[in-house]
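Structure first, then comments.
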Amino acid sequence: MLPGTSRALRFLPCFFMTLSAILGVGCTSGYFVHQRAFHLLESGRYAEAIPIAREAVAIRERELDPTHPDLAMSRSNLALLLVYTGDYVGSAAA
């Protein structure tokens, strides 16, 4: 990977969310919501990320098949966030 590439890639979800706001397109796609939650997780902002991660799971449950790997990834990230905040029972349910 080129130097500075990983830093630039971290801002990609923010770029797409900004672009969708400028274009007036609703950013309800599970992908974008998932990426926002993941960015907050990586930043250590767990409390902020939990409601967004829950929204990503809800959107992907509506959009995708129950066995889809993207839905599994969103559920996994939500469970990880809940573990990081000490909600072990909630993480088992996620």
- prompt: How high is the relative contact order of the stretch 36-94, in percent, with contacts defined as C-alpha pairs under 8 Å that are six or more residues apart?
  reply: 30
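Treating only the Cβ of Lys, Arg, Asp and Glu as charged (+1, +1, -1, -1), what charge dipole size does the stretch 36-94 show about its Cα centre? Round to the nearest 20 debye.
Details: 6 positive and 8 negative charges, 16 e Å.
Dipole magnitude for the stretch 36-94 comes out near 80 debye.
Any read-out appearing in this document is the output of simple, stated calculations on the displayed coordinates, not a laboratory observation. All values derive from a computational prediction rather than experimental measurement. Methodologically, a virtual Cβ is constructed for each residue, glycine included, from the backbone with ideal geometry; neighbour enumeration extends over all protein chains shown.
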